[in-house]
Amino acid sequence: MRSIWQETPLPRFPRLEGDIKTDVLIIGGGMAGILTAYFLQQNGVPYVLVEKDRICGENTGNTTAKITVQHGLIYSKLLRSSTETAQKYLQANQDAFDRYAELCRGIDCGYQVVDNYVYAGARRKLEQEMRALDKLRCRAEFCERIPLPVKTAGAVKFFGQAQFDPLQFVAAIAGDLQIYEKTFVREMIGNTAVTAGGKISAQRVVCATHFPFINKHGAYFLKLYQHRSYVIALQNAQNVNGMYVDESNAGLSFRNYKDLLLLGGGGGRTGKQNGGWATLRGFAREHYPNAQEKYFWAAQDCMSLDGVPYIGQYGRHTENFYVETGFNKWGMTGSMLAATLITDQLLGRENAYADIFSPSRNILKPQLFLNGAEAVVNLLTPSKKVCPHMGCALKWNKAEHSWDCPCHGSRFSESGTVIDNPANGDLKR
């Protein structure tokens, strides 16, 4: 299993050997961590980034790489709670989009301006979103039909969004950064990170580990769950002339890369039964019978309670400890937004959007109770394999030959090696 992006060679970095000190420690070498390091370096702030394996080797390397401010049908949902929140969310993501456009202007990374479409089976949902976008004065268009072999009630179209090759982009900006690979942070003692090769003492810490791994602050084990998605890359399929995604998490996504169609979907909550690649291959056989599969891969996303990322101070009482997480399937735009906001906070600069992304905002949302119920059920389920993160019963993933946690999304190889966090160690033998 290897994504199309992972054909790009990335710079290599040494493993940490010995104790060091720094101003800022960034834990996690995905897009969010890399961009945070890049902006700190541009501003002359001493920092170190550590990655447990290779940079961008997990979810960034397995993204569908869409850069867009259209995140499903989120604006009608946000308007129901606050016009100010919806306006700030839109502008924050537009600023992130514009910053990508500026950076990619000088990088050969396949950056391409295309329109983005969110389609749905219920016209009512699309009309609600169009009314919300009109209120926010955001340019969008309702499309009665889209050129896909799926039944829809139409789609909401955003003009001039973008797609790119994320690892070509990272290869261009990461070469001179202060990074240690194969450096797994197994424990935090205050602001000191303990690794197998040495300790890192920092004045400030940024947790960019996809799912935050420290449980005693922030209640992320209640505020997040993980959703796993699958992708196949097809040759001789269809040029869809844009990026398309179903408003439902259970739906399909489409985009082209060179002569390939990237077909995504088949997913669900990590640790639960889902269609996986079988769903996508069945769809391809029916609708693209002459296509050939060239790549297949999977990734997972941290889903917040309200569809808005958690970016800012890790917990109410964790001064100088920050977090970037909960991008809800929009990790490329979310990573840029997070890196910009956290850099401003580290530099003591005011950021107009900090309040709506604050991890300490109100968490009394319906998803909170669903997450709690899922944890209780799995904690009480007898199992031969339990997750070392919080003791939930693991489920066997037949498609990927892994042990997956339905509570918080940790994943382990058949032999018990940790693949995806928040678990911070292997299964006990």
Please work out whether the chain counts as rounded, prolate or oblate from its C-alpha gyration tensor, where a ≥ b ≥ c are the square roots of the eigenvalues and a/c under 1.5 means rounded, while otherwise a/b larger than b/c means prolate and anything else oblate?
rounded
Leaving out ligands, DNA and RNA but keeping every protein chain, what accessible area does ILE189 have, in Å² rounded to the nearest 10, with a 1.4 Å probe?
90 Å²
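About the Cα centre of segment 176-280, what is the dipole size in debye to 20, counting +1 per Lys and Arg Cβ and -1 per Asp and Glu Cβ, all else neutral?
Roughly 400 debye, rounded to the nearest 20.
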Per DSSP, the loop-located GluC sites (Glu not before Pro) within segment 319-387 having at most 11 other beta carbons within 10 Å are GLU319, GLU350
What is the Cα centroid distance between segment 1-65 and segment 113-168, reported in whole angstrom?
32 Å
Run the reach check for LYS135 against lysines, Cα to Cα strictly under 18 Å, same-chain hits fewer than 8 apart removed. What comes back?
LYS77, LYS88, LYS125, LYS157
Rg/Rh (Cα only; Kirkwood hydrodynamic radius) as it applies to segment 148-234
1.10
Hey, rough spin-label estimate for PHE142 and VAL377, points 7 angstrom out along Cα→Cβ, what's it come to in nanometres?
3.7 nm
Going Cα to Cα from LYS199, which lysines come in below 26 Å? Please leave out same-chain ones fewer than 8 positions away.
LYS21, LYS52, LYS182, LYS216, LYS428
Only Cα pairs within less than 10 Å get springs; with that Gaussian network setup on the chain, which residue of ASP134, ASP53, ASP404 has the largest fluctuation?
ASP134
Share of antiparallel DSSP beta bridges in the chain, in percent to the nearest 5?
75 percent
Gained length - ARG124 relative to ASN290, 0.36 nm times residue gap less alpha-carbon distance:
56.2 nm
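Probe radius 1.4 Å, ligands and nucleic acids ignored: give me the carbon and sulfur share of the accessible area of segment 236-310 as a rounded percent.
Whole-percent figure for carbon plus sulfur exposure: 43.
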Distance-filtered residues of segment 46-76 - backbone nitrogen under 18 Å, label point 7 angstrom along THR8 Cα→Cβ:
54-68
Pop a pseudo-label 7 angstrom from the Cα along the beta-carbon direction at both ARG429 and ASN43 and give the gap in nm to one decimal.
4.6 nm
Largest to smallest accessible area among MET31, MET1 [probe 1.4 Å]:
MET1, MET31
I need to check one value: relative contact order of segment 1-135, counting alpha carbon pairs closer than 8 Å and at least 6 residues apart, in percent.
21 percent
C-alpha center-to-center spacing [segment 264-303, segment 170-194] in angstrom:
32 Å
Modelled label reach - LYS151, point 7 Å along Cα→Cβ, segment 103-133 residues with backbone N closer than 15 Å:
120-123
Positive-end residue, the chain charge dipole about Cα centroid, Cβ charges, pick of GLY44, THR343, PHE327:
PHE327
With a 4.7 Å Cβ cut-off, tell me which Cys residues in the chain come up empty for a partner.
CYS56, CYS104, CYS109, CYS138, CYS143, CYS207, CYS302
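The values are calculated or read from the model by the stated rules, or taken from the named source; none is laboratory data. Here the structure is a predicted model, which means the values were calculated and not measured. Please note: Cβ atoms are built from the backbone with ideal geometry, for glycine as well, and neighbour counts cover all protein chains shown. What goes into the accessible areas is simple: the full protein's heavy atoms, side chains included, and nothing from ligands, DNA or RNA. Shrake-Rupley method; radii C 1.70, N 1.55, O 1.52, S 1.80 Å.
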